[in-house]
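Novice: Here it is, the structure, as structure tokens.
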Amino acid sequence: MVLSNRIKQITSRSDLLFWVASVGKNKICELTRVSGFIVEDDNEHITFFLPKQLFGIIEPTLAVKSKISFLMASIQNFESYQIKGTYKSHQLCKEEYIDFYRLKVLKITDILSGMGMNGNGIFGYLLEQPSIAVTMQCTDVYEQTPKPGTGGKLID
Amino acid sequence: MMNKLTQDMLPAFQGVIPPTLATVSDDGIPNVTYISHVHYIDEEHIALSRQFFSKTWKNINENPHFTVAVTCPETFTLWKINVSYQEEEKEGGLFEEMDMIITAIASMQGMEDTFKLQSAVICKVESIQTLVLNGKIN
């Protein structure tokens, strides 16, 4: 599938938090926070970034074409989307990507601090290094913003 | 790895930082979503607030083993809790208590017209893993 403009535009936002879920052989989910993501140029893949230690949680569940799901949600208005797809590859995160998502994480911690919370305490670990870049092929996108009837496939 | 909830985890169930829920369909596709509230019942049981989740509910009925992540707003510790579905309550003391909490959360978030508790989903804790301890990856 080709990701819509709405999802592509989201990469420029700085109010989003991310999770990824994968499935072990026992059919139990592994789940961890993610530091950031980009949409690849082909608009069919995304690459997300997370500390290597957190990647270790999902790594045993990943094989080529393993099913994974990626969640993004705004901490300001709860707008949220889930991208479903398959694992493609992973590699050590490049410095340019670390610089990219570091700014986003710092912005999130600033937003939380503005809400009277210790943003760095809550999410500072997302900047721990080394980090891993995981590429997934996208097959479906669902809107999950809390509202009646939510959960449908995103078509725009 | 633990299999019982401890006292130091209780602040994570106060609704300050939204919990995350991951379920798996019968054909092995994960589904991950935020939920409004995870309620502490006792050291071996929690209850999830069921409001919207249609896909999640379908998955839970296909595969009763799933995963919840909660964060303590005081120590910034993040736990991943593997649970199994036990039963659903649509009335009674637990439901009413959770309904009041959901109403309060909705009010704080300006979503009074959106949030409505359908049921309390009671789950047994199977195992607990600490992913982040005091703000550092564990």
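Novice: Name the residue, out of A:GLU44, A:GLU79, A:GLU59, that is within 27 Å of B:GLN129 (Cα to Cα), of a type in the set (D, E, K, R) and more than 8 Å from every other protein chain (Cβ to nearest Cβ).
Specialist: A:GLU59
Novice: Scan the stretch B:81-102 for residues that are surrounded by 14 or more Cβ atoms within 10 Å (Cβ to Cβ) and either within 14 Å of chain A (Cβ to nearest Cβ) or of a type outside the set (D, E, K, R) (or both) and jot them down.
Specialist: Answer for the stretch B:81-102, where residues must be surrounded by 14 or more Cβ atoms within 10 Å (Cβ to Cβ) and either within 14 Å of chain A (Cβ to nearest Cβ) or of a type outside the set (D, E, K, R) (or both): B:ILE81, B:ASN82, B:VAL83, B:SER84, B:TYR85, B:LEU94, B:PHE95, B:MET98, B:ILE101, B:ILE102.
Novice: Residues in the stretch B:52-71 that are part of a loop (DSSP other than H, G, I, E, B) and more than 7 Å from chain A (Cβ to nearest Cβ): how many?
Specialist: So the answer is 2.
Novice: Here's something else I'd like to know. Kindly list, by first and then second residue, each pair from a residue in the stretch B:6-23 that is at the interface with chain A (Cβ under 9 Å from one of its Cβ atoms) to a residue that is open to solvent by 50 Å² or more (accessible area, probe 1.4 Å), limited to pairs with Cβ atoms under 7 Å and residues at least 6 apart or on different chains.
Specialist: B:PRO18/B:TYR34; B:THR20/B:TYR34
Novice: Answer yes or no: is there a residue in the stretch B:80-90 that is under 29 Å from A:ILE57 (Cα atoms), polar (S, T, N, Q) and in contact with a Leu (Cβ under 7 Å, 6 or more places away or on another chain).
Specialist: No, the stretch B:80-90 has no match at all.
Novice: Looking at the stretch B:83-98, which of its residues are in contact with a strand residue (DSSP E or B) (Cβ under 9 Å, 6 or more places away or on another chain) and either in a helix (DSSP H, G or I) or at pLDDT below 95 (or both)?
Specialist: Once the filter is applied, which keeps residues that are in contact with a strand residue (DSSP E or B) (Cβ under 9 Å, 6 or more places away or on another chain) and either in a helix (DSSP H, G or I) or at pLDDT below 95 (or both), the stretch B:83-98 yields B:LEU94, B:PHE95, B:GLU97, B:MET98.
Novice: What about A:PHE123, is it in a helix (DSSP H, G or I) and either free of Cβ contacts under 8 Å to residues at least 24 places away in the same chain or surrounded by 15 or more Cβ atoms within 10 Å (Cβ to Cβ) (or both)?
Specialist: yes
Novice: Is it the case, given these coordinates, that B:TRP57 is touching a strand residue (DSSP E or B) at 6+ places or on another chain (Cβ under 6 Å) and either crowded, with 23+ Cβ neighbours inside 10 Å or among the hydrophobic types (A, V, I, L, M, F, W, C) (or both)?
Specialist: Against the criterion (touching a strand residue (DSSP E or B) at 6+ places or on another chain (Cβ under 6 Å) and either crowded, with 23+ Cβ neighbours inside 10 Å or among the hydrophobic types (A, V, I, L, M, F, W, C) (or both)), B:TRP57 does not qualify.
Novice: Filter the stretch B:1-31 for residues that are part of a loop (DSSP other than H, G, I, E, B) and of a type in the set (D, E, K, R); which is farthest from A:PHE70 (Cα to Cα)?
Specialist: B:LYS4
Novice: Considering every residue within the stretch B:61-81, establish whether at least one is closer than 20 Å to A:SER74 by Cα, within 12 Å of the chain's Cα centre (by Cα) and among the hydroxyl-bearing types (Ser, Thr, Tyr).
Specialist: Within the stretch B:61-81 (the criterion being closer than 20 Å to A:SER74 by Cα, within 12 Å of the chain's Cα centre (by Cα) and among the hydroxyl-bearing types (Ser, Thr, Tyr)), the answer is yes, since at least one residue qualifies.
Novice: Any idea which of A:LYS84, A:LYS67 is at the interface with another protein chain (Cβ under 10 Å from one of its Cβ atoms), in contact with a Gly (Cβ under 8 Å, 6 or more places away or on another chain) and within 14 Å of A:GLN137 (Cα to Cα)?
Specialist: A:LYS67
Novice: Additional query: Restricting attention to the stretch B:104-123, and to residues there that are under 22 Å from B:THR56 (Cα atoms) and away from chain A (no Cβ under 14 Å), which single residue is surrounded by the most Cβ atoms within 10 Å (Cβ to Cβ)?
Specialist: Looking at residues that are under 22 Å from B:THR56 (Cα atoms) and away from chain A (no Cβ under 14 Å), I get B:ALA120.
Novice: Looking at the stretch B:27-35, can you tell me whether even one residue there is closer than 30 Å to A:LEU54 by Cβ, more than 10 Å from chain A (Cβ to nearest Cβ) and surrounded by fewer than 22 Cβ atoms within 10 Å (Cβ to Cβ)?
Specialist: The answer is no, given that none of the residues of the stretch B:27-35 is closer than 30 Å to A:LEU54 by Cβ, more than 10 Å from chain A (Cβ to nearest Cβ) and surrounded by fewer than 22 Cβ atoms within 10 Å (Cβ to Cβ).
The values are calculated or read from the model by the stated rules, or taken from the named source; none is laboratory data. Bear in mind that the values here come from a model prediction, so they are computed numbers and not experimental data. With ideal geometry, Cβ positions are generated from the backbone for all residues, glycine too; neighbour counts draw on all protein chains shown. Side chains included, ligands, DNA and RNA excluded: accessible areas come from the protein's heavy atoms. Shrake-Rupley method; radii C 1.70, N 1.55, O 1.52, S 1.80 Å.
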